[in-house]
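Okay, so here's the structure we're looking at.
Rule-based calculations on the coordinates, nothing more; no lab input. In this text the structure is predicted, and so the values were computed from the model without any measurement. Every residue, glycine among them, receives a Cβ derived from its backbone with ideal geometry; neighbour counts consider all protein chains shown.
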């Protein structure tokens, strides 16, 4: 569908006649008759908000690659530019947009994987900087002891108590595994140097 049809007040034409769609898809068009809709007769079919006087906003200027769902022929008229794609996480996100429809789980799983890769990358970059991430403060461990963490959970019927035992595993687990991997790698390197 061209962008002008997707983002204007003009209703795009149906790909097939109504009768053929009804024959092919059970239940298609059951609410076409206004009398069959629960909101009738209060429903307003004037979809244009009061005071709106444009059909399609002016296209925001852009250069280079921009994420665009494969369902759309063109970019949306306005889009965000705050987080440009970069590095490995950007490549994963590009794959999600270029290959998979938004209706596919692969699209969203790849976007989530790109986010996780970005988190790992930014954490590693922080360790290389003069002000690395403060894991104790950022994970809230200190606040558990200084601001009544256990007291706030007990006796209040909180739903998150059922999975609370998982929180330390989810927060600290990756760091423990990374530390174990680093120690194992260092031992192997030391062993190879002694043997060589």
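Pop the C-beta distance of residue 70 and residue 171 into the FRET formula with R0 = 25 Å and round what comes out to the nearest 0.05. Efficiency, rounded to the nearest 0.05: 0.10.
Once C-alpha pairs closer than 8 Å and six or more residues apart are averaged by separation and normalised to the residue number of region 66-133, the relative contact order reads 29 percent.
Taking the C-alpha atoms only, the angle from helix 87-99 to the longest principal axis of the chain is near 30 degrees. Distance between the C-alpha centres of region 18-38 and region 117-196: 54 Å, rounded to the whole angstrom. Multiplying the residue separation of residue 130 and residue 18 by 0.36 nm and removing their Cα-Cα distance gives an extension gain of 33.8 nm. Expressed in nm², what is the orientationally averaged projection area of the convex hull enclosing the Cα positions of the chain? That works out to 23.2 nm².
Of 104, 66, 94, the residue with the greatest mean-square motion in the GNM of the chain, using alpha carbon springs below 10 Å, is 104.
Kirkwood's formula applied to the C-alpha pairs of region 42-145 gives a hydrodynamic radius of 17.6 angstrom.
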